[in-house]
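Q: If you scroll down you'll find the structure; I have some questions about it.
The values are calculated or read from the model by the stated rules, or taken from the named source; none is laboratory data. Please read all numbers here as calculations on a predicted model, not as lab measurements. Here the Cβ is made from the backbone with ideal geometry for all residues, glycine too, and neighbour counts use every protein chain on show.
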Amino acid sequence: MKTVIFGGTTEGRELSLALASEGIDVVVSVASEYGAEEQGRADGLTVVEGLKDVSGIRQLIRGADLVVDATHPYAVLVTENIRLAAEEEGVELVRLVRAREDQTSGKNGPGPALYRIASDASDAARIALDMAGEEGRILLTTGSKDLGTYAAVIDPEHLYARVLPLIGSIELCEQAGIPHRNIIAVQGPFSQALNEAVIRDYGIDAMVTKESGKAGGFAEKIRACEECGIPAVVIARPEEEGLTYEEVLAVCRERIK
């Protein structure tokens, strides 16, 4: 059985290694060198690196018995391209959906910090500016892709970007005008204690994050904001249907019987 997993996430890595350990031929597609580095290696597991359009995805999955979309919850365009490619190739596709965490803690009280839901990066930038004020320091924990969107609304001098320790991430910070002293280049996920240390040491007045679930350390970020008494802006996760990690693993095992 040949299975193609579109990964780059904790769940994708765990699934690929679990299947390879059971003798299933697995091809894992990741978008970047960082994703390939994090993936790990195992007998029977092939890692393919690089972003792909629908045509590239079709070539990769051609002849596969099963395709698993285990990409990030916010990678909406990638998920749609995988769906289209699988449909055109006539290959079975399952979507691995990351479990959601409770979002009620701190929302509009009674805790010391509030958090508000934003629809996207532009909305999050406006809300964060309103919550922190013109001179407030805002910690961005949403990656490097949308830094320019935040810098268009908020003075880059007041933006603190926590990004992956990659040259590309640093370059995007520079393009957005974020001072080097405001760049926190480190790999997560992070404990509540480390989140608190960053908030206190940098004098952060508000945090922007995504509802990234347990794998993304969402709860640890929200609890840190509550403990430090600062508000958080949470970019809403797109609604989607799919299977849990355990359900996808069961489907794969069923196919090899």
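Q: Applying the selection to the stretch 45-55, what residues are touching a strand residue (DSSP E or B) at 6+ places or on another chain (Cβ under 9 Å) and not polar (S, T, N, Q)?
A: As a first pass, look at the stretch 45-55 and keep what is touching a strand residue (DSSP E or B) at 6+ places or on another chain (Cβ under 9 Å): 45-50, 52.
Those that are touching a strand residue (DSSP E or B) at 6+ places or on another chain (Cβ under 9 Å) and not polar (S, T, N, Q): Leu45, Val47, Val48, Glu49, Gly50, Lys52.
Q: Give the residue, chosen from Gly203, Gly217, Gly242, that is in contact (Cβ under 8 Å) with a residue 12 or more places away in the chain and within 26 Å of Val26 (Cβ to Cβ).
A: Values: Gly203 fails: within 26 Å of Val26 (Cβ to Cβ); Gly217 fails: within 26 Å of Val26 (Cβ to Cβ).
Unique residue meeting the criteria: Gly242.
Q: Still on this structure, please answer the following. Could you pull out the residue among Arg58, Arg41 that is in the same structural domain as Leu15 (by TED's automatic domain parsing), without any contact (Cβ under 8 Å) to a residue 40 or more places away in the chain and surrounded by 14 or more Cβ atoms within 10 Å (Cβ to Cβ)? Spell out how you get there, then give the answer.
A: Values: Arg41 fails: surrounded by 14 or more Cβ atoms within 10 Å (Cβ to Cβ).
Selected residue: Arg58, the only one of Arg58, Arg41 that is in the same structural domain as Leu15 (by TED's automatic domain parsing), without any contact (Cβ under 8 Å) to a residue 40 or more places away in the chain and surrounded by 14 or more Cβ atoms within 10 Å (Cβ to Cβ).
Q: Further question on the same structure: Exactly one condition in (1) surrounded by 14 or more Cβ atoms within 10 Å (Cβ to Cβ); (2) under 16 Å from the mean Cα position of the chain (by Cα) is not met by Leu172; state its number.
A: Unmet condition: (2).
Q: Continuing with the same structure: Taking the stretch 12-43 as the search range and keeping residues that are assigned to a helix (DSSP H, G or I) and of a type in the set (A, V, I, L, M, F, W, C), which one is nearest to Ile57 (Cα to Cα)? So that I can check it myself, show each step before the final result.
A: Step one: filter the stretch 12-43 for residues assigned to a helix (DSSP H, G or I), giving 12-21, 33-39.
Next, from what is left, pick out any that are of a type in the set (A, V, I, L, M, F, W, C): 15, 17-20, 36.
Details: Leu15: 19, Leu17: 21, Ala18: 23, Leu19: 21, Ala20: 21, Ala36: 17 Å.
Going through the qualifying residues, I end up with Ala36.
Rundown of residues vs (1) part of a loop (DSSP other than H, G, I, E, B); (2) at pLDDT 95 or above; (3) closer than 17 Å to Met207 by Cβ, yes/no style:
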residue	(1), (2), (3)
Glu101	yes, no, yes
Asn108	yes, no, yes
Arg116	no, no, yes
Asp123	no, yes, yes
Leu129	no, yes, yes
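Q: Residues of the stretch 61-86 being farther than 23 Å from Ala250 by Cβ, surrounded by fewer than 18 Cβ atoms within 10 Å (Cβ to Cβ), out of contact with any helix residue (DSSP H, G or I) (no Cβ under 8 Å at 6 or more places or on another chain) and not small (Gly, Ala, Ser), which ones? First the steps, then the outcome.
A: Narrowing the stretch 61-86 to residues farther than 23 Å from Ala250 by Cβ: 62-63, 74-78, 80-81, 84-85.
If we keep only those that are surrounded by fewer than 18 Cβ atoms within 10 Å (Cβ to Cβ) too, we end up with 62-63, 75-77, 80, 84.
Then drop every residue that is not out of contact with any helix residue (DSSP H, G or I) (no Cβ under 8 Å at 6 or more places or on another chain), which leaves 63, 75-77, 80.
Correct list: Val76, Leu77, Glu80.
Q: Continuing with this model, one more query. Somewhere in the stretch 5-12, is a residue surrounded by fewer than 17 Cβ atoms within 10 Å (Cβ to Cβ), closer than 24 Å to Gly143 by Cβ and touching a residue at least 24 places away in the same chain (Cβ under 8 Å)? First the steps, then the outcome.
A: Going through the stretch 5-12, the residues surrounded by fewer than 17 Cβ atoms within 10 Å (Cβ to Cβ) turn out to be none.
No: zero hits.
Q: Keeping to the stretch 141-158, report how many residues are more than 13 Å from the chain's Cα centre (by Cα) and in contact (Cβ under 8 Å) with a residue 40 or more places away in the chain.
A: Counting residues in the stretch 141-158 that are more than 13 Å from the chain's Cα centre (by Cα) and in contact (Cβ under 8 Å) with a residue 40 or more places away in the chain gives 1.
Q: For residues that are aliphatic (A, V, I, L, M) and surrounded by fewer than 21 Cβ atoms within 10 Å (Cβ to Cβ), scanning just the stretch 155-169, find the one that is nearest to Gly8 (Cα to Cα).
A: Applying the first criterion (aliphatic (A, V, I, L, M)) to the stretch 155-169 yields 159, 161, 163-164, 166-167.
Of the ones still in play, those that are also surrounded by fewer than 21 Cβ atoms within 10 Å (Cβ to Cβ) are 164, 166-167.
Numbers: Leu164: 14, Leu166: 15, Ile167: 18 Å.
Ranking the candidates gives Leu164 first.
Q: Something else: Out of the residues in the stretch 175-190 meeting the condition of being surrounded by fewer than 15 Cβ atoms within 10 Å (Cβ to Cβ) and at pLDDT below 95, tell me which one is nearest to Pro73 (Cα to Cα).
A: Looking at the filtered set, the residue picked out is Gln187.
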